[in-house]
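For reference, the structure discussed in these notes is given below.
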Amino acid sequence: QVQLVESGGGLVQAGESLRISCAASGRAFITYTMGWFRQAPGKEREFVACITSSGTTTYYADSVKGRFTISRDNTKNILYLQMMNLKSEDTAVYYCATSTTDRTSARIGTYFNWGQGTQVTVSS
């Protein structure tokens, strides 16, 4: 089973950028679509972005399209989320997760094996 550890969260000003990472253990990382989700206080966990195992296909939530970029380095077993032009509504705990398939999906039920999350706070 792939173990996931997120890092890189922090406090930034609105309009700034931040890159968060998800380090995975095990060779199985390279066989899965990986996704980023986020959960704000009092709200349900929501899809942010995902990327197929080869890195060739990505899919984004409308709320982050054009501002966030998901990528992966299969040689290092790391998943990234580059976030630009951050807004206060991006404040949340960000989680990475592995998918049960190698296709893009925004359905939370498609994902398992969640990390512990990293807090991103955007002040306006």
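I'd like the accessible area for S71, computed on protein heavy atoms only with a 1.4 Å probe and all protein chains in place. Round to 10 Å², please.
50
What list of ³J(HN,Hα) values in whole Hz, one per residue of the range 24-36 in order, does the Karplus curve 6.51 cos²θ - 1.76 cosθ + 1.60 (θ = phi - 60°) give from phi, with Gly and Pro shown as x?
10, 9, x, 5, 5, 3, 6, 9, 10, 5, 10, x, 10
Can you tell me how much longer the chain between K87 and T100 gets when fully stretched, taken as 0.36 nm per residue apart minus their C-alpha distance, in nm with one decimal?
Gain on stretching K87 to T100: 1.6 nm.
Check the cysteines of the chain one by one and keep only those with no other cysteine Cβ under 4.7 Å from their own.
Cys with no partner Cβ under 4.7 Å: C50.
What are the ³J(HN,Hα) couplings of the range 112-124, residue after residue, when phi is run through the Karplus curve with 6.51, -1.76, 1.60 and θ = phi - 60°? Round to Hz, x for glycine and proline.
With the stated coefficients, the range 112-124 comes to 9, 6, 7, x, 8, x, 9, 7, 10, 10, 10, 9, 9 Hz.
Starting from the coordinates of the alpha-carbon atoms of the chain, obtain the Kirkwood hydrodynamic radius over all distinct pairs and give the value in Å to one decimal.
For the chain, the Kirkwood estimate is 14.1 Å.
Express the carbon and sulfur contribution to the solvent-accessible surface of the range 32-124 as a percent, rounded to the nearest whole number, probe 1.4 angstrom.
Using a 1.4 Å probe with all protein chains present, the range 32-124 comes out at 48 percent carbon and sulfur.
Direction-averaged shadow area of the convex hull around the Cα atoms of the range 1-52, nm²?
Seen from a random direction, the Cα hull of the range 1-52 projects 4.8 nm² on average.
How high is the relative contact order of the chain, in percent, counting Cα pairs under 8 Å that sit 6 or more residues apart?
Over the chain, the number comes to 36 percent.
The values are calculated or read from the model by the stated rules, or taken from the named source; none is laboratory data. Computed from a predicted model, the values in this text were never measured in an experiment. As a convention, Cβ positions derive from the backbone with ideal geometry for all residues, glycine included, and neighbour counts pool all protein chains shown. Heads up: the accessible areas ignore ligands, DNA and RNA and are worked out on the full protein's heavy atoms, side chains in. Shrake-Rupley method; radii C 1.70, N 1.55, O 1.52, S 1.80 Å.
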